[in-house]
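These notes are about the structure you will find just below.
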Amino acid sequence: MKAAPLLQVQGLSRAYRLPRQRLWSAPPLVWALQGVSFELQAGRSLGVVGESGSGKSTLARLVMALEPPTQGRVLMQGQDLHAIAPAALRAARSRFQMVFQDPYGALDPRRSVLQTVSEPLGLLEGGARNPALITDPSALRARAAEALDAVGLRAADLDKLPHEFSGGQRQRIAIARALITRPALIVADEPVSALDVSVQAQVLNLMADLQRSHGVTYLLISHDLAVVDHLCSDVVVLHEGRIVEQGAPEQVFTRPQHPCTQRLLAAVPGAA
Amino acid sequence: MSLLEVDDLRVSLRTAQGPVQALRGVSFKLERGATLGLIGESGCGKSLTALALMGLLPEGATVQGRLRFDDLDLATLGERDWCRLRGQRIAMVFQEPMTALNPLHTVGRQVAEPLRLHRGLSPGAARAEALRLLERVRLPQAAQRLGAYPHQLSGGQRQRVLIAAALACGPQLLVADEPTSALDATLQREVLDLLLQLVAEDGMALLLISHDLGLMADRVQRLLVMYAGRVVEAGPTAQVFAQRAHPYTQGLYAARPRLGQRLPDGQRPRLATIPGRVPDLAALPPGCAFAERCALALDACRTGQPAAMSIGPAHAVHAAWCLRAGMAAPQAGAA
């Protein structure tokens with residue numbers, strides 16, 4: 001029997017209300033996402049590509065349960081994230097973490113690496129479930145050092161502040177923060193697009209290594225088809241909030257069927 | 001005579017750690033109507049080079065070397081002369097259109113501003129000309145958008161407005177610093193190609209700055225690769241791509257993920273990385289700044305600055321500042 005998928009997205013839609021055009025008219029709605037469904041098996045990785053405004057980041061926010069869908073469900077290991085109680089959601093959050101685009105904006109400049117990286121433990125695993133971690137600084141430090149080690153930084157870096165690191169190292173810190181709860185799923189929204197080319201290669205290699213060593217599953221949002229092709233086993237193409245094409249990157253990127261995919265491919269430098 | 005001649009430009013910045021040499025002898029020429037790309041990673045000095053050309057270096061910076069633009073010696077220019085030059089004969093398109101535009105003024109007013117300032121147009125004439133410019137950069141519904149504020153436009157539309165303002169007075173030189181980095185991939189190509197088309201139509205020279213090697217191919221005639229405040233390779237773009245004579249150029253090229261890269265067993269290869277990190281400008285080694293990250297470095301690389309090595313046929317004017325130039329022979333297979 002096939003294992004249950006790690007993540008199931010079923011008929012997901014999200015509408016946003018625009019400002020009223022006229023005083024007495026109903027505010028117009030814009031559908032950022034319309035009836036999106038897919039499944040993601042543990043250990044695989046799904047790339048989401050599309051033009052700006054296609055709904056990529058809305059999808060990421062709904063999967064992360066940062067906002068509710070207008071319609072549809074997000075099931076994480078069979079649990080409907082938007083239907084469970086807040087306390088249960090908080091407990092579930094340790095299983096899915098997010099890495100953002102801008103490593104400069106995503107780290108608090110006044111907090112040490114130790115505070116930043118270990119923060120999810122205190123918030124998510126909670127005093128109730130794991131009081132020893134919160135009250136025992138050395139245990140907390142050991143977990144943080146373990147996460148730093150996984151991303152190729154040293155335990156000695158724990159007491160430093162973000163400004164002491166380069167852009168690539170900061171993105172590693174952000175990934176370490178995501179890893180520390182040992183999540184099954186990492187949602188990465190443009191994780192390398194703010195980085196220089198040579199640093200980008202280091203972070204992409206790291207993400208591939210972590211998948212092999214820790215069995216992490218990625219939901220990778222990117223406008224860069226080459227990045228998705230490099231890291232993902234499956235890809236979906238979003239256009240105006242709908243999935244217009246999906247499959248293995250080898251197939252979608254070599255024989256694109258939808259005009260939107262063809263347009264994205266034509267924009268890849270050096271291709272075509 | 002070239003339009004722009006930069007000779008041994010050295011810029012030192014004041015930092016908390018004391019003065020830092022951020023540009024260490026940059027030289028290049030730009031002919032009238034020609035296009036030149038400047039590529040390198042954060043901190044290599046490419047943006048600083050642009051700021052030096054615009055007279056916009058940060059407070060406390062000291063400049064040495066020659067900077068000649070047309071008949072002007074930029075190094076000796078006073079602020080009043082700079083104000084006459086900027087926006088009129090040299091214009092710049094910045095990376096981040098939201099911060100480059102004034103949020104309190106309409107886009108029509110911002111495009112018209114250089115026209116009123118430099119060409120002394122009346123408000124009505126400047127407005128009509130601004131409309132023509134906004135139509136030229138293909139801003140949709142340009143007439144209605146004259147009265148719009150920057151926050152009412154999308155990123156791509158704002159960048160079009162910036163380009164319109166830069167082109168307003170028909171400058172001889174346009175400096176574009178990462179003009180499309182804030183836009184998504186499909187828009188990047190569209191806006192950049194629009195920019196290049198307008199530059200060609202008006203016969204102006206273009207200095208295009210980017211960290212994206214792929215974006216430069218086919219778009220600029222010549223390319224300069226910069227590292228730690230110096231030019232490490234310079235030549236016709238196609239030749240630089242084909243030869244990648246400097247190990248750093250080779251490293252940048254190899255680090256990019258490319259579509260369809262697979263090993264024979266269908267697995268993805270690891271990306272080639274450049275070991276180590278960019279050196280601290282305050283503590284540069286005496287020799288080649290790239291030596292400590294370079295697999296080909298010799299003892300001689302660590303003691304003295306490498307001279308220019310000529311690559312390929314003499315007429316191509318392709319050089320790499322590396323003792324081992326051409327040794328990191330590119331693997332077969334093109335971009």
| Is it the case that the range A:149-167 has a residue that's β-branched (V, I, T) and either away from chain B (no Cβ under 11 Å) or closer than 26 Å to A:V74 by Cα (or both)? | yes
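Sort out which residues of the range B:173-190 are in contact (Cβ under 8 Å) with a residue 60 or more places away in the chain and either crowded, with 21+ Cβ neighbours inside 10 Å or not in a loop (DSSP other than H, G, I, E, B) (or both), and write them in order of number. Steps first, answer last, please.
Step one: filter the range B:173-190 for residues in contact (Cβ under 8 Å) with a residue 60 or more places away in the chain, giving B:173-179, B:181-182.
Correct list: B:L173, B:L174, B:V175, B:A176, B:D177, B:P179.
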| query | Limited to the range B:213-258, what total is found for residues that are of a type in the set (S, T, Y) and more than 22 Å from B:R277 (Cα to Cα)? | reply | 1
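Being buried (at least 20 other Cβ atoms within 10 Å of the Cβ), of a type outside the set (F, W, Y) and within 14 Å of chain A (Cβ to nearest Cβ) narrows it down to one residue among B:Q261, B:Q250; which is it?
Details: B:Q261 fails: buried (at least 20 other Cβ atoms within 10 Å of the Cβ).
Result of the check over B:Q261, B:Q250: B:Q250.
Take the residues in the range A:200-218 that are aliphatic (A, V, I, L, M) and more than 13 Å from A:G43 (Cβ to Cβ); name whichever of them is nearest to the chain's Cα centre (by Cα). Show your work before the answer.
Filtering the range A:200-218 down to residues aliphatic (A, V, I, L, M) leaves A:201, A:203-204, A:206-208, A:210, A:216.
Retained after the next criterion (residues that are more than 13 Å from A:G43 (Cβ to Cβ)): A:201, A:203-204, A:206-207.
Values: A:A201: 18, A:V203: 14, A:L204: 14, A:L206: 15, A:M207: 12 Å.
Here the answer is A:M207.
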| query | Can you tell me which of A:L231, A:L238 is facing chain B (nearest Cβ under 8 Å) and either surrounded by fewer than 23 Cβ atoms within 10 Å (Cβ to Cβ) or touching a residue at least 60 places away in the same chain (Cβ under 8 Å) (or both)? | reply | A:L231
| Which numbered condition B:G266 misses (of (1) surrounded by 13 or more Cβ atoms within 10 Å (Cβ to Cβ); (2) within 14 Å of chain A (Cβ to nearest Cβ); (3) not β-branched (V, I, T)) | (1)
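Take A:P103 and tell me if it is surrounded by 13 or more Cβ atoms within 10 Å (Cβ to Cβ), closer than 18 Å to A:P183 by Cα, within 22 Å of the chain's Cα centre (by Cα) and modelled with pLDDT under 90.
Values: surrounded by 13 or more Cβ atoms within 10 Å (Cβ to Cβ): yes; closer than 18 Å to A:P183 by Cα: no; within 22 Å of the chain's Cα centre (by Cα): yes; modelled with pLDDT under 90: yes.
In short, no.
For A:V244, indicate whether it is at pLDDT 95 or above, in contact with a Pro (Cβ under 9 Å, 6 or more places away or on another chain) and closer than 25 Å to A:L62 by Cβ. If you could, list the steps in order and put the result at the bottom.
Values: at pLDDT 95 or above: yes; in contact with a Pro (Cβ under 9 Å, 6 or more places away or on another chain): yes; closer than 25 Å to A:L62 by Cβ: yes.
Against the criterion (at pLDDT 95 or above, in contact with a Pro (Cβ under 9 Å, 6 or more places away or on another chain) and closer than 25 Å to A:L62 by Cβ), A:V244 qualifies.
Within the range A:141-161, how many residues turn out to be among the basic types (K, R), farther than 21 Å from A:P183 by Cβ and surrounded by 15 or more Cβ atoms within 10 Å (Cβ to Cβ)?
So the first thing to find is which residues in the range A:141-161 are among the basic types (K, R), and the list is A:141, A:143, A:154, A:160.
The next check asks that each one be farther than 21 Å from A:P183 by Cβ; those that pass are A:154, A:160.
Next cut, surrounded by 15 or more Cβ atoms within 10 Å (Cβ to Cβ) only: A:160.
Total satisfying the criteria: 1.
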| request: Please find, within the range A:241-252, the residue that is farthest from the chain's Cα centre (by Cα) out of those that are within 26 Å of A:L206 (Cβ to Cβ) and more than 9 Å from chain B (Cβ to nearest Cβ). | output: A:V252
| query | Do we have any residue at all in the range B:249-257 that's touching an Asp or Glu at 6+ places or on another chain (Cβ under 8 Å) and part of a loop (DSSP other than H, G, I, E, B)? | reply | yes
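From the list A:S13, A:S37, exactly one residue is in contact with a Gly (Cβ under 8 Å, 6 or more places away or on another chain), crowded, with 16+ Cβ neighbours inside 10 Å and assigned to a strand (DSSP E or B). Which is it? Can you show your working first?
On the way: A:S37 fails: crowded, with 16+ Cβ neighbours inside 10 Å.
None of the others qualify; the one that does is A:S13.
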| Among the residues of the range A:46-68 satisfying the criterion of being crowded, with 23+ Cβ neighbours inside 10 Å and in a loop (DSSP other than H, G, I, E, B), which is nearest to the chain's Cα centre (by Cα)? | A:G55
| query | So which residues in the range A:204-217 are in contact with a Gly (Cβ under 8 Å, 6 or more places away or on another chain) and within 27 Å of A:P256 (Cβ to Cβ), if there are any at all? | reply | A:Q211, A:T217
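Mind telling me which of the residues A:A201, A:A208, A:A226, A:A184 ends up being of a type in the set (A, V, I, L, M, F, W, C) and more than 10 Å from chain B (Cβ to nearest Cβ)?
Numbers: A:A201 fails: more than 10 Å from chain B (Cβ to nearest Cβ); A:A208 fails: more than 10 Å from chain B (Cβ to nearest Cβ); A:A226 fails: more than 10 Å from chain B (Cβ to nearest Cβ).
Residue meeting the stated conditions: A:A184.
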| query | Within the range B:224-247, is even one residue polar (S, T, N, Q) and within 12 Å of chain A (Cβ to nearest Cβ)? | reply | no
| remark: Taking the range B:197-214 and keeping residues within 14 Å of chain A (Cβ to nearest Cβ) and either assigned to a strand (DSSP E or B) or over 25 Å from B:A255 (Cβ atoms) (or both) leaves B:L208, B:I209, B:S210
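Going by what's in this entry, would A:G43 be described as in a loop (DSSP other than H, G, I, E, B) and either touching a residue at least 60 places away in the same chain (Cβ under 8 Å) or under 17 Å from the mean Cα position of the chain (by Cα) (or both)? Give the derivation first.
On the way: in a loop (DSSP other than H, G, I, E, B): yes; either touching a residue at least 60 places away in the same chain (Cβ under 8 Å) or under 17 Å from the mean Cα position of the chain (by Cα) (or both): yes.
Considered against the rule, which asks whether it is in a loop (DSSP other than H, G, I, E, B) and either touching a residue at least 60 places away in the same chain (Cβ under 8 Å) or under 17 Å from the mean Cα position of the chain (by Cα) (or both), A:G43 comes out as yes.
Working carefully through the options A:V30, A:V48, find the one that is at pLDDT below 95 and either touching a His at 6+ places or on another chain (Cβ under 8 Å) or within 14 Å of chain B (Cβ to nearest Cβ) (or both). Walk me through it before giving the result.
On the way: A:V48 fails: at pLDDT below 95.
Every option except A:V30 fails the conditions.
Among the residues of the range B:166-191, which ones are small (G, A, S) and within 8 Å of another protein chain (Cβ to nearest Cβ)?
Within the range B:166-191, B:A185 is the sole residue that qualifies.
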| task | Please indicate, with yes or no, whether at least one residue in the range B:23-33 is modelled with pLDDT under 95, of a type outside the set (K, R), over 25 Å from B:R80 (Cβ atoms) and crowded, with 17+ Cβ neighbours inside 10 Å. | result | no
| Since B:Q157 meets every condition but one in (1) in contact (Cβ under 8 Å) with a residue 24 or more places away in the chain; (2) farther than 18 Å from B:I39 by Cβ, which condition does it not meet? | (1)
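The values are calculated or read from the model by the stated rules, or taken from the named source; none is laboratory data. Since we're looking at a predicted model, the values are computed, not measured. Positions of Cβ are backbone-derived with ideal geometry, glycine not excepted, and every protein chain shown enters the neighbour counts.
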